[in-house]
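A quick write-up on the structure given underneath.
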Amino acid sequence: MRTIAITGSASGIGLATRNALEAEGARVIGIDLKDSDVKADLSTKAGREGALQDTLASCNGQLDGFVACAGISGIGNPGSLTVAINYFGAVELLEGLQPALAKGTDASAVAISSNSVTTMPNIPDVLIDALLNGDEAAAAEIADKHTGHAYAGSKLALARWVRRSATGENWIQAGITLNAVAPGRTSTPFDDAMMKNEQIRPHLEAYPIPKGRLGQADEIGKFIAYLLGPNARFFCGSLLYIDGGSDALMRADEWPATLRV
């Protein structure tokens, strides 16, 4: 039986992923603020450390998979809180659980990014740099000054961290595949909360989705489960869009980009 840990397991995409994995017979260790096996606040270093210790104890130091799914929107939340959970909460658990994954069987990890990384304009480079440099104090200060970009910035930095790390000695060279998924608008409590904001709702309603509907948490959860499974072992360092075509519609000619040497 595979053992897989998931942050943000109590609702939305995290819960859907848990359900998909358990339907396949996996043992899931859920990590969330409540309604979970490991209760932890990933916005703080102490909370992340507690999550790591409790998760490692629950899996006896060996994992076959991990999904960094916990996240909050930038709407109604300080930018510093958004980056603390979305970026540092993901990266510190990925790094902290890497030794347990290295002991697993055909282990894999998936980080949940967002299609906002390429559809949100003018994300400040200074924020991305602070996040990727691991400077949480500086990133918090910058994010509070650019609250409207904190969510997309945290998800862009996370995607780049995955791309930078996946081919290294701690990941694919240690037998662990590491990838990122970029969902678009999805019918979850996360999206429901944003739709209640009168200023944001018109922008969300106008957001183009060629498929003509929101994503469903179950279909995204099943795709994440596939990435953790035996038929996805050649994925490495990929950022995989599952957004109904929004990114392709808005940026069809910008990616793939030609390598210039």
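Some values worked out for this structure:
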item	result
Cα radius of gyration and Dmax for the stretch 106-261 (Å)	16.5, 48
By average C-beta atoms within 10 angstrom, highest first, the peptides 54-65, 148-159	148-159, 54-65
Cβ crowding within 10 Å averaged over residues, with 133-139, 240-246 ranked highest first	240-246, 133-139
Note, ³J(HN,Hα) from phi for the stretch 47-54, Karplus 6.51, -1.76, 1.60, rounded to Hz, x at Gly and Pro	x, 5, 5, x, 4, 4, 4, 5
C-alpha long axis of helix 217-227 to longest principal axis of the chain, angle in °	50
Estimated [θ] at 222 nm from DSSP helical runs (n ≥ 4, -39500 (n - 2.57)) normalised by residues in the chain, nearest 500	-12500 deg cm²/dmol
15 Å beta-carbon shell around ASP129, net charge (K/R +1, D/E -1)	-1
Per-selection metrics, the stretch 70-192 (Cα): Rg and Dmax in Å	14.5, 44
Gyration tensor (Cα) of the stretch 161-253, equivalent ellipsoid semi-axes in angstrom	30, 14, 13
Positive-end residue, the chain charge dipole about Cα centroid, Cβ charges, pick of ASN60, GLY229, LEU94	GLY229
Dimensionless Rg over Rh [the stretch 156-215; C-alpha; Kirkwood]	1.19
Nearest-ten-degree value, helix 147-165 long axis tilted from longest Cα axis of the chain	40
Cβ crowding within 10 Å averaged over residues, with 251-259, 191-199 ranked highest first	191-199, 251-259
Two-decimal ratio, the stretch 1-111, of alpha-carbon radius of gyration to 2.2 N^0.38 Å	0.99
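All of the numbers you see were taken from the coordinates with simple rules; none came from a lab. Here the structure is a predicted model, which is why all the values come from computation and not from measurement. Every residue, glycine as well, gets a Cβ built from its backbone with ideal geometry; the counts of neighbours run over all protein chains shown.
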